[in-house]
Amino acid sequence: MELVVEVKDLSIYYFTLSGVVKAVERVSFNIQRGEWLTFVGESGSGKSTVAYGIINLVPSPGKIVGGQALFEGKDLVKLPKEKLKELRGKEISMVFQDPMTSLDPLRKVGDQIVEVMIEHGIDEKEAWKKAKELLKSVNIPEDRLYYYPHQLSGGQRQRIIISTAMAFRPKLLIADEPTTALDVIVQDSIMDLLNEMKQEGTSIFFITHDISLAVERSDRMGIMYAGKLVEIGKVDQLIENPLHPYTSALFASMPDLWVDKEISAIPGFPPDLRTPPPGCRFHPRCSVFRERKDLKGICDKEEPKMVEVEKEHFVACHLYG
Ligand code: ATP
Ligand code: SF4
């Protein structure tokens, strides 16, 4: 097993004028070479913040306040800025929900792709040739190289960004909801591109709200709730045997996943992360806690530790370990 990413006890807070948002609290996980790991969870659970944390790119007023994010053994939390920048361009690629965030709206798409290639040591003539091939490989006419980003569709922009990333065979690709704004057919073609990268050995850290997409494409899945990673394991393990009451509730609330089962919404709302509940952050919404009197004074007081219940299947809940 060759680990590309090892995140250990990572904590990230946003220091806002109205208080400290504990967005990510002591999160640990790893990603192997050529593995696809997906994080799911409700909006605001800290998925994107984890993604930014892995590459030490947390936006202000956020700050990594504890833990490590190792990439091939190097702690990116401690790496000098210059080295980090180099790594992000070459060995780690990022794709976000809005491809416009990765493109300069005032410059033609071709100029931007060619610039990246030149930075990677390819001469200009060869770079234009490669840029044309690249567009062809994702079924986009090559004259689009002379278009500005806003003249392309969202799907075309996203495919261009992913195929540019692919051209350099990064060791790690971080994709934060890259298909959310796109129709199902374009979404599928983008997921196929990511899968191609995985087949070539790239490790993928993927974030989505769409659990059926995660189930279809990933090797392992992590469940985030209110800044905590509450369960992580192989996709089959989570689907066949979800351990954490939040995982079960989340799956039960997804119509796409459980076509023959009754759909039920999770009661209540995620907590304000400036003042998260003590003990297990899920306890105010947990049906097991509500029903079992013996858990009073435990779930609402003590933070559950992550335990391995079966091989590679971990959960943080007082019902286990
Ligand atoms: P979504 O699925 O909606 O993108 P998420 O699970 O990715 O959500 P994050 O965006 O990581 O969640 O947010 C985690 C927490 O951090 C939330 O409470 C959010 O309000 C807070 N947060 C995120 N960015 C900032 C910021 N720039 N300033 C202050 N708080 C922030
Ligand atoms: Fe529910 Fe307690 Fe488990 Fe939290 S630790 S999910 S409150 S049973």
>> surrounded by fewer than 18 Cβ atoms within 10 Å (Cβ to Cβ) and away from ligand 2 (no atom under 16 Å from the Cβ): which single residue out of Gly66, Gly46 fits that description?
In response: Gly66
> How many residues does the range 267-321 hold that are more than 10 Å from ligand 2 (Cβ to nearest atom), touching a residue at least 40 places away in the same chain (Cβ under 8 Å) and open to solvent by less than 40 Å² (accessible area, probe 1.4 Å)?
Replying inline: 4
> Is it the case that the range 231-245 has a residue that's more than 15 Å from ligand 2 (Cβ to nearest atom), open to solvent by 80 Å² or more (accessible area, probe 1.4 Å) and closer than 30 Å to Gly19 by Cα?
Replying inline: no
>> Please determine whether any residue of the range 237-245 is in the same structural domain as Pro278 (by TED's automatic domain parsing) and within 16 Å of ligand 1 (Cβ to nearest atom).
In response: no
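Within the range 174-195, is there a residue that is of a type in the set (Ser, Thr, Tyr), surrounded by 23 or more Cβ atoms within 10 Å (Cβ to Cβ) and either within 16 Å of ligand 1 (Cβ to nearest atom) or not assigned by TED's automatic domain parsing to the domain that holds Asn30 (or both)?
yes
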> Only one of Arg292, Arg274 is of a type in the set (Lys, Arg) and within 29 Å of Tyr13 (Cβ to Cβ); which?
Replying inline: Arg274
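Can you give me the ranges of the helices (runs of 4 or more DSSP H) entirely in the range 34-132 with at least 2 residues that are modelled with pLDDT of 95 or more and out of contact with any Ser or Thr (no Cβ under 6 Å at 6 or more places or on another chain)?
The qualifying helices (runs of 4 or more DSSP H) are 47-54.
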> If you scan the range 119-159, which residues turn out to be open to solvent by less than 60 Å² (accessible area, probe 1.4 Å), of a type outside the set (A, V, I, L, M, F, W, C) and farther than 21 Å from Met100 by Cβ?
Replying inline: His120
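Residue-by-condition table, conditions (1) more than 15 Å from the chain's Cα centre (by Cα); (2) among the aromatic types (Phe, Trp, Tyr):
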site: Tyr14; (1), (2): yes, yes
site: Val24; (1), (2): no, no
site: Phe29; (1), (2): no, yes
site: Phe39; (1), (2): no, yes
site: Gly44; (1), (2): no, no
site: Ile54; (1), (2): no, no
site: Gly67; (1), (2): yes, no
site: Ser102; (1), (2): yes, no
site: Lys108; (1), (2): yes, no
>> Checking Phe251 against (1) modelled with pLDDT under 95; (2) part of a loop (DSSP other than H, G, I, E, B), only one condition comes out false. Which one?
In response: (2)
> Restricting the search to the range 17-33, which residues are open to solvent by 50 Å² or more (accessible area, probe 1.4 Å), over 13 Å from Gly67 (Cα atoms) and touching a residue at least 60 places away in the same chain (Cβ under 8 Å)?
Replying inline: Ser18, Val20, Lys22, Arg33
>> Looking only at the range 6-33, how many residues end up being among the hydrophobic types (A, V, I, L, M, F, W, C) and part of a loop (DSSP other than H, G, I, E, B)?
In response: 1
>> Given (1) more than 18 Å from the chain's Cα centre (by Cα); (2) in the same structural domain as Leu238 (by TED's automatic domain parsing); (3) closer than 18 Å to Ala175 by Cα, identify the lone condition not met by Gln156.
In response: (2)
> Checking Met166 against (1) free of Cβ contacts under 8 Å to residues at least 40 places away in the same chain; (2) over 17 Å from Ile204 (Cβ atoms); (3) of a type in the set (A, V, I, L, M), which test does it fail?
Replying inline: (2)
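The values are calculated or read from the model by the stated rules, or taken from the named source; none is laboratory data. Predicted, not measured: the structure shown is a model, and the values here were computed from it. Every residue, glycine as well, gets a Cβ built from its backbone with ideal geometry; the counts of neighbours run over all protein chains shown. Note: areas computed on protein heavy atoms with side chains; ligands, DNA, RNA excluded. Shrake-Rupley method; radii C 1.70, N 1.55, O 1.52, S 1.80 Å.
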